[in-house]
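Data block below; observations after.
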Amino acid sequence: MEKLLRNKAISGWLMAAPLTLVLAFFLVLPIVLIVVVSFWRATEFSIIPAFVWENYEFLFGSSVTYQVFLNTFKYAAITWALTLVIGFTVAYFLAFHVRTQTWQIALFLLCTIPFWTSNIIRMISWIPFLGRNGIANSTLISWGVIDEPLEWLLFSDFAVILAFVHLYTLFMVVPIFNTMMRIDKSLIEAARDAGASGVQILWNVIIPLTKPGIMIGTIFVVTLVMGDFITVRFMSGSQSANVGRLISNDIALLAYPSAAATAVVLLLTVLIVIGILLRFVDIRREL
Amino acid sequence: MEPRSRSFYLLAIFFALFLLFLYGPTITIGILSFQGPGGGLTFPMRGTSLHWFRDLFEQQAVGDIWGSFGRSFLLGLMVMVTTVVVSVMGGLAFRKRFPGSTVLFYLIITSLVIPSILISLGVGLMFSQTGLDVHWSTSGFGSQLTWTLPFGLLIMFAVFNRFDKSYEEAARDLGASPWQTLRHVVLPIIAPSLIGVALFGFTLSYDEFARTLLTAGSYNTLPLEIFGMTTNVTTPVLYALGTLTTAFSLIMIGFFLCIAWWSARRKARTGSDAGKGLV
């Protein structure tokens, strides 16, 4: 019996070996290296191995850092709230109001297809809508709502949030839809028989049972928004900053130790957030 | 069937608006990419033409987009094949609950949630500090795997959570070796979901930007090339390129979905070999 168990361990490890190797080389090693480099010293042209805290001292000593982190949390919170409301409503419609499975699959696929196309193109595609002479402005002017084109539509926080919602709502829809499909329909019938109204069923039955899906969606959206740098740069026209942009600016200046220090703080922040969220859901059970 | 409630119609309208929100912008640049030669980045259309698509074939207008397209396509295929093979092996390994599997599981989750720029920065540093050259087919390839593998594995976990073990037991009782059980029983059953893993592997790689930013080296992939264009190209040629690459993505998605549909049908038709006899 013991020999069998050992065999199982060995064969398990053998099959997990390629995965472990990839993650060791392209995930663990890079993280270790970032942590190491965050203690290095930088001159204008090169980086020098050292063990100094100056990168962190500079990071925590600058008021910009706190503003940028605050901004990052702001983006994450607003995007989270919007994607949750939209994603939940869409998933609820698909799971409980679309009656045939064929339609469910078809409409679900329609929601997921954009996820498999290019994010950058999807950002670019907002230009004709939000631009100074874009569709939104010309429509509003022709309706007489405004006289002058609105300047804050493109290249603003509004545009950043809009793009985040556009890109990431899907990450809410899929896990929430997945958990909703597993809710036993007889529970809802039982609630109705017991006299619950539609709102009561939604609030007291469906939402509690959908919580794991909501948590998984939250993990996706929060981490994607917090780690983003390209959406903020493109949609704000380089006018707003988040932590990702702070890192990418340092990289552009070849200030790798400083970038690494910021990256370590960002990673810790994200992991703490995820750690808290994972207390509410067992991912392995929900798959 | 009970009649549709009012909330159904409200939700249906909401859903339709959501789809419009999802697809509207892309359709708009699709239309605008047919601008006449004098047209700009927004409406109105100044005539219709294929002018901007023709521009895509001129080097001086757009740079090396066909070269980068070729690299992205090849890299997508490499990532796709690797993702499928490694995910299946990983999925099978996790069924055995080997010691250390929990650590590996949390590594996969970390790989999924880590900000992409950290991978880009870390892998870039790793290669430069060890004196290796970054190249899309080495460092870029590995960086993209940290994004596609978690998705592949999550799909495999979902598949194996629903897998009926009695099929394997039946095969074993009939004298099949572990390899035969895998080859003739397990793999055919999970084959349709492998198409899903392949779809994720290819499309996520083909569109990946952040993780290849510092790891692609001197030869750009297509998303990097497109992003470079956004800073200096202000003509609808950008839309023409966007339309073409989106169309390409849609063709690939359609291709994968067709295979999935076809294999599901085939499975339904020939799923049982009762009465045929195996020699």
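The values are calculated or read from the model by the stated rules, or taken from the named source; none is laboratory data. The model shown is predicted, which means the values in this text are computed figures rather than measured ones. All Cβ positions, glycine included, derive from the backbone under ideal geometry; neighbour counts span all protein chains shown. Heavy atoms of the whole protein, side chains included, go into the accessibility calculation; ligands, DNA and RNA do not. Shrake-Rupley method; radii C 1.70, N 1.55, O 1.52, S 1.80 Å.
From the residues B:Gly124, A:Thr72, A:Leu110, which one has its Cα farthest along the dipole of the protein assembly as shown in the positive direction, the dipole being from +1 and -1 charges on Cβ of Lys/Arg and Asp/Glu about the Cα centre?
Among B:Gly124, A:Thr72, A:Leu110, the one farthest towards the positive end of the dipole of the protein assembly as shown is A:Leu110.
Expressed as a fraction of 2.2 N^0.38 Å, the rule-of-thumb size for a compact globular protein of N residues, what is the C-alpha radius of gyration of chain B?
1.26
Taking only Cα atoms of region B:116-262, what ratio of Rg to Rh do you get with Rh as the Kirkwood inverse-distance radius? Intermediate values should be presented prior to the final figure.
Values: Rg = 20.3 Å, Rh = 18.1 Å.
Rounded to two decimals, Rg over Rh is 1.12.
With every protein chain left in place, what is the accessible area of B:Trp66 in Å² (1.4 Å probe, nearest 10)?
110 Å²
Please list A:Arg182, A:Arg285 from largest to smallest accessible area, probe radius 1.4 Å, with all protein chains kept in place. Write out the running numbers ahead of the final one.
Working: A:Arg182 115, A:Arg285 170 Å².
Ranked from most to least accessible, the order is A:Arg285, A:Arg182.
In Å², and per residue, what accessible area does chain B have when probed at 1.4 Å with the other protein chains present?
Values: 13260 Å² over 279 residues.
About 48 Å² of surface per residue is accessible.
For Cα pairs less than 8 Å apart in space and 6+ apart in sequence, what is the mean separation divided by the residue count of region A:15-121, i.e. the relative contact order in percent? It would help to have the intermediate numbers written out before the result.
Values: 32 pairs, mean separation 10.7, N = 107.
So the answer I get is 10 percent.
Per residue, what volume in Å³ does the Cα convex hull of region A:62-162 take up? Don't skip to the end; give the middle numbers.
On the way: hull volume 16.1 nm³, N = 101.
Measuring per residue, one finds 159 Å³ for the Cα hull of region A:62-162.
Any chance you could check region B:118-132 for residues losing 20 Å² or more of accessible area when the partner protein chains are in, compared with the chain on its own (1.4 Å probe)?
B:Leu118, B:Ile119, B:Leu121, B:Gly122, B:Val123, B:Leu125, B:Met126, B:Gln129
So which chymotrypsin sites (Phe, Trp or Tyr not before Pro) in region A:128-176 are both in a DSSP loop and have at most 10 other Cβ atoms within 10 Å of their Cβ?
Details: sites: A:Phe129, A:Trp143, A:Trp152, A:Phe155, A:Phe158, A:Phe164, A:Tyr168, A:Phe171; in loops: A:Trp143, A:Trp152, A:Phe155.
When the chymotrypsin sites (Phe, Trp or Tyr not before Pro) of region A:128-176 are filtered for loop state and at most 10 Cβ neighbours within 10 Å, A:Trp143, A:Trp152 remain.
Estimate for me the total accessible surface buried between chains B and A (protein heavy atoms, probe 1.4 Å, no ligands or nucleic acids), in Å² to the nearest 100.
Working: alone 17230 and 17860 Å², together 27070 Å².
Looking at B and A, the buried total is near 8000 Å².
Could you tell me which helices of chain B pass both thresholds, a Cα extent of 15 Å or more along their own axis and a mean Kyte-Doolittle hydropathy of at least 1.0, with helices taken as whole DSSP H runs? It would help to have the intermediate numbers written out before the result.
Values: long enough: B:6-32 (38 Å, 1.87); B:65-95 (44 Å, 1.45); B:101-113 (18 Å, 2.10); B:116-129 (20 Å, 1.61); B:141-161 (29 Å, 1.25); B:187-207 (30 Å, 1.48); B:222-232 (16 Å, 0.58); B:237-270 (49 Å, 0.96).
Flagged H segments are B:6-32, B:65-95, B:101-113, B:116-129, B:141-161, B:187-207.
Can you sort B:Glu58, B:Glu225, A:Glu151 by 1.4 Å-probe accessible area, starting with the largest? Mind dumping the intermediate values first?
Values: B:Glu58 85, B:Glu225 35, A:Glu151 115 Å².
From most accessible down to least: A:Glu151, B:Glu58, B:Glu225.
Number of Lys pairs in the protein assembly as shown with C-alpha atoms less than 25 angstrom apart, excluding same-chain neighbours closer than eight positions?
Lysine pair count for the protein assembly as shown: 10.
What do you get for trypsin sites (Lys or Arg not before Pro) in region A:225-283 restricted to DSSP loop and a cutoff of at most 13 other Cβ within 10 Å of the site's Cβ? Working shown, then result.
Working: sites: A:Arg233, A:Arg245, A:Arg279; in loops: A:Arg279.
Answer by residue number: A:Arg279.
Please list the helices of chain A that count as membrane-span-like by this rule: a mean Kyte-Doolittle hydropathy of at least -1.0 together with Cα atoms stretching 15 Å or more along the helix axis, each helix being a complete DSSP H run.
Numbers: long enough: A:2-23 (30 Å, 0.69); A:63-92 (43 Å, 1.08); A:101-112 (16 Å, 1.14); A:157-181 (35 Å, 1.73); A:207-227 (29 Å, 1.64); A:256-278 (32 Å, 2.38).
For chain A, where a helix must reach 15 Å along its axis and average at least -1.0, the hits are A:2-23, A:63-92, A:101-112, A:157-181, A:207-227, A:256-278.
Starting from the Cα of A:Ala9, step 7 Å along the direction of its Cβ; do the same at B:Leu250; then give the gap between the two resulting points in nm.
Using points 7 Å along Cα→Cβ, the separation is 5.4 nm.
Quick one: check the C-alpha center-to-center distance for region A:1-77 versus region B:78-136, whole angstrom.
That distance is 13 Å.
Over the Cα atoms of region A:140-195, how large are the radius of gyration and the largest Cα-Cα distance (Dmax), in Å?
My reading of the Cα-based Rg and Dmax gives 21.0, 56 Å.
Between B:Ala191 and A:Lys185, how many nm apart are label points set 7 Å from Cα along the C-beta direction?
Here the modelled spin labels are 3.1 nm apart.
Over region B:63-211, what relative contact order in percent results from Cα pairs under 8 Å that are six or more residues apart? Display every interim value, and only then the final one.
Numbers: 114 pairs, mean separation 67.8, N = 149.
Dividing the mean separation by the residue count of region B:63-211 yields 46 percent.
With +1 on the Cβ of every Lys and Arg and -1 on the Cβ of every Asp and Glu, and nothing else charged, how large is the dipole of chain A about its Cα centre, in debye rounded to the nearest 20? Don't skip to the end; give the middle numbers.
On the way: 17 positive and 15 negative charges, 196 e Å.
With only Lys, Arg, Asp and Glu charged at Cβ, the dipole is about 940 debye.
Tell me, what % of the accessible area of region B:170-279 is carbon and sulfur with a 1.4 angstrom probe? Before the final figure, lay out each step's value.
On the way: 3650 of 5650 Å².
Summing carbon and sulfur atoms, their accessible area is 65 percent of the total for region B:170-279.
From the helices alone, meaning DSSP H stretches of at least four residues, give me the mean residue ellipticity at 222 nm for chain A, per-run term -39500 (n - 2.57), in deg cm²/dmol to the nearest 500. Could the numbers behind the result be given before it?
Working: 16 runs with 201 residues, N = 287.
That calculation yields -22000 deg cm²/dmol at 222 nm.
What's the center-to-center distance, using Cα atoms, between region A:236-258 and region A:131-167 in Å?
Each part reduced to its Cα centre gives a spacing of 26 Å.
Relative contact order for chain B: what is it in percent, counting Cα pairs under 8 Å that are at least 6 residues apart?
Value for chain B: 29 percent.
How do A:Glu286, A:Glu44 rank by accessible surface area computed with a 1.4 Å probe, from largest to smallest? Don't skip to the end; give the middle numbers.
Working: A:Glu286 25, A:Glu44 160 Å².
Solvent-accessible surface, decreasing: A:Glu44, A:Glu286.
Convex hull volume of the Cα atoms in region A:63-286, per residue, in Å³? Please list the in-between numbers first.
Values: hull volume 38.6 nm³, N = 224.
Convex hull of Cα atoms, per residue: 172 Å³.
Taking all protein chains as present, what is the carbon and sulfur share of the accessible area of region A:63-286, in % to the nearest whole number, probe 1.4 Å? Don't jump to the answer; show the numbers that get you there.
On the way: 6410 of 9660 Å².
So the carbon and sulfur contribution to the accessible surface is 66 percent.
So which trypsin sites (Lys or Arg not before Pro) in region B:194-276 pass both tests, a DSSP loop state and at most 10 other Cβ atoms within 10 Å of the Cβ? Numbers along the way, then the final one.
On the way: sites: B:Arg211, B:Arg265, B:Arg266, B:Lys267, B:Arg269, B:Lys276; in loops: B:Lys276.
For trypsin sites (Lys or Arg not before Pro) across region B:194-276 that sit outside H, G, I, E and B with at most 10 neighbouring Cβ atoms in 10 Å, the list reads B:Lys276.
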